[in-house]
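The values are calculated or read from the model by the stated rules, or taken from the named source; none is laboratory data. From a predicted model like this one, the values you see are computed outputs, not experimental measurements. Counting neighbours? That spans all protein chains shown, and the Cβs are built from the backbone with ideal geometry, glycine included. Each accessible area value is taken on the protein alone, full model and side chains, heavy atoms only, with ligands, DNA and RNA left out. Shrake-Rupley method; radii C 1.70, N 1.55, O 1.52, S 1.80 Å.
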Amino acid sequence: MSMDKEYALVIAIVNHGYSADAMEAAKKVGATGGTILHGHGVSGKEAAKFLGITINEDKELLMIVARREIKQKIMMNISSEMGMNSPAKGIVFSLPVEDVYGLFSGNIDV
């Protein structure tokens, strides 16, 4: 069923091994669950040299569909605990979600 509430997709990209910690940071402020995908980052040597950091190419993507009213809290807490100044070297961004199906079980809004 399509819902008229507004949702956003929060995406956190963190170094391999840190997605569960990022999910815990999101749960602290109201997220109920997410999906983890494994990925491999690509960049040129110029990017690593320019940023002055060692780039770990193995990444994990945490994707969370969240209500817009808690989106900012989720993003801020993940960034605070798993951001670029942590070993996770995480970045967080969001995308608008137009329709949501499958997040509801009976009459309980999950």
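Scanning region 30-44 for residues that are under 13 Å from the mean Cα position of the chain (by Cα) and part of a loop (DSSP other than H, G, I, E, B) yields 31, 32, 33, 34. Would you check if residue 94 is at pLDDT 95 or above, small (Gly, Ala, Ser) and open to solvent by 80 Å² or more (accessible area, probe 1.4 Å)? Judged against the criteria, residue 94 is not a match. Filtered by the rule that a residue be under 24 Å from residue 6 (Cβ atoms) and crowded, with 17+ Cβ neighbours inside 10 Å, region 71-84 gives 71, 74, 75, 77, 78, 79. Of the set (1) open to solvent by 90 Å² or more (accessible area, probe 1.4 Å); (2) of a type in the set (A, V, I, L, M); (3) at pLDDT 90 or above, all apply to residue 64 but (1). All told, residue 24 meets the bar of being open to solvent by 80 Å² or more (accessible area, probe 1.4 Å), modelled with pLDDT of 95 or more and in a helix (DSSP H, G or I). Which residues, taken from region 57-71, are over 23 Å from residue 15 (Cβ atoms) and without any contact (Cβ under 8 Å) to a residue 40 or more places away in the chain? The answer is 69, and nothing else.
Of all residue pairs spaced 6 or more apart or on separate chains, those with beta-carbon atoms under 9 Å, a first member in region 86-97 that is hydrophobic (A, V, I, L, M, F, W, C) and a second member that is in a loop (DSSP other than H, G, I, E, B) and open to solvent by 40 Å² or more (accessible area, probe 1.4 Å) are 88/17; 88/18; 91/84; 97/6.
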